1. Could you tell me which GluC sites (Glu not before Pro) in region 55-153 are loop residues by DSSP with no more than 12 other beta carbons within 10 angstrom of their beta carbon?
2. Rounded to the nearest 10 Å², what accessible area does Leu123 have for a 1.4 Å probe in the complete protein model?
3. Ignoring ligands, DNA and RNA, what percent of the 1.4 Å accessible area of region 27-138 is carbon and sulfur?
4. With +1 on each Lys and Arg Cβ and -1 on each Asp and Glu Cβ, and nothing else charged, work out how big the dipole of the chain is about its Cα centre, in Debye to the nearest 20.
5. Taking 0.36 nm per residue of sequence separation and subtracting the Cα-Cα distance, how much length would be gained by fully extending the chain between Arg135 and Arg157, in nm to one decimal?
6. How large is ³J(HN,Hα) for each residue in region 66-80, as worked out from phi by the Karplus curve 6.51 cos²θ - 1.76 cosθ + 1.60 (θ = phi - 60°), to whole Hz, x for Gly and Pro?
7. At most 14 other C-beta atoms within 10 Å and a DSSP loop state: those are the exposed trypsin sites (Lys or Arg not before Pro) I care about. Give me the longest piece of the chain that has none.
8. With a 1.4 Å probe and every protein chain left in place, work out the accessible area per residue of region 58-100 in Å², rounded to a whole number.
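The values are calculated or read from the model by the stated rules, or taken from the named source; none is laboratory data. Predicted model only: the values in this text are computed from it and were never measured. Here the Cβ positions follow ideal geometry from the backbone for every residue, glycine too, while neighbour counts run over all protein chains shown. In case anyone asks, the SASA skips ligands and DNA or RNA and just uses the protein heavy atoms, side chains included. Shrake-Rupley method; radii C 1.70, N 1.55, O 1.52, S 1.80 Å.
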Amino acid sequence: MPLSVLEAILERSPVPPLPNLRANPSSSVTVVNLIFPPTPTGQPIHSEGFGYLIPRDKNGHVEVLGTVFDSCALGAQDEYASAESPRFTKMTMMVRLQPSSLPITQERILQHLTTHLAPPTPLPEPVYFKAHDLRDCIPAPSVGHVKRMKELAEVLRKEWDGKLAVIGAGVGGVSVGDCIEQGRRVGEGW
Ligand SMILES: Cc1cc2nc3c(=O)[nH]c(=O)nc-3n(C[C@H](O)[C@H](O)[C@H](O)COP(=O)(O)OP(=O)(O)OC[C@H]3O[C@@H](n4cnc5c(N)ncnc54)[C@H](O)[C@@H]3O)c2cc1C
């Protein structure tokens, strides 16, 4: 549930406003989606795998956080006319949100990929390239999060008689799977 809707509900409640959901910072990223056409030689652009992550350098800097090889991780979603059809390569790259003076360009992303993948032949021109800025999309739970969430759940349970619960990545878990599990637990009455 969006925070604004939750806050509107809580405003009508006799419970004093709780700062519990405002305590954690969130990180922002730019997500870059790329699709490459089959290479002229038919060689794959990268080896099989889920993708890779890049740690910060010794000065704490990092531009590209990591890349998911979607054609491997989610290959079952791709449909081809036959098993022999040449394969496209889909990737998702997560990039640290850059200042507006340094916009993400296709050229810069291809330079990064060339460094990371060291392909035997130059990367083909992508048939699809899209960069989306996602602000404050990754909650970063800080010390005391678990206690704050327990407190919040307790207040909601007491004051709303079990009719209102807050779930989601900002509350507990890190992935869609965790959100679904939380929803199920709430639906089943914990
Ligand atoms: C780059 C990236 C890659 C990821 N990859 C994966 C993956 O491969 N597999 C996986 O399982 N998980 C992945 N995740 C995690 C997954 O996306 C999250 O765990 C999940 O989306 C969290 O769901 P949610 O409902 O808690 O929050 P969200 O999906 O963030 O939904 C919250 C919604 O509330 C809206 N909102 C926020 N504040 C307000 C406001 N004040 N007023 C109105 N609306 C508001 C937002 O716009 C948003 O639509 C990824 C996350 C990121 C950022």
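1. Listed in order of number, the matching sites are Glu79, Glu84.
2. Near enough 30 Å² of accessible area.
3. Here carbon and sulfur together make up 56 percent of the probe-accessible area.
4. The dipole of the chain has a size of about 600 debye.
5. Gain on extension, Arg135 to Arg157, equals 4.8 nm.
6. x, 9, 9, 7, 4, 5, 8, 5, 10, x, 5, 7, 7, 10, 10
7. Working: sites that count: Arg12, Arg56, Lys58, Lys163.
Segment 59-162 is the longest.
8. Dividing the accessible area of region 58-100 by its residue count gives 61 Å².
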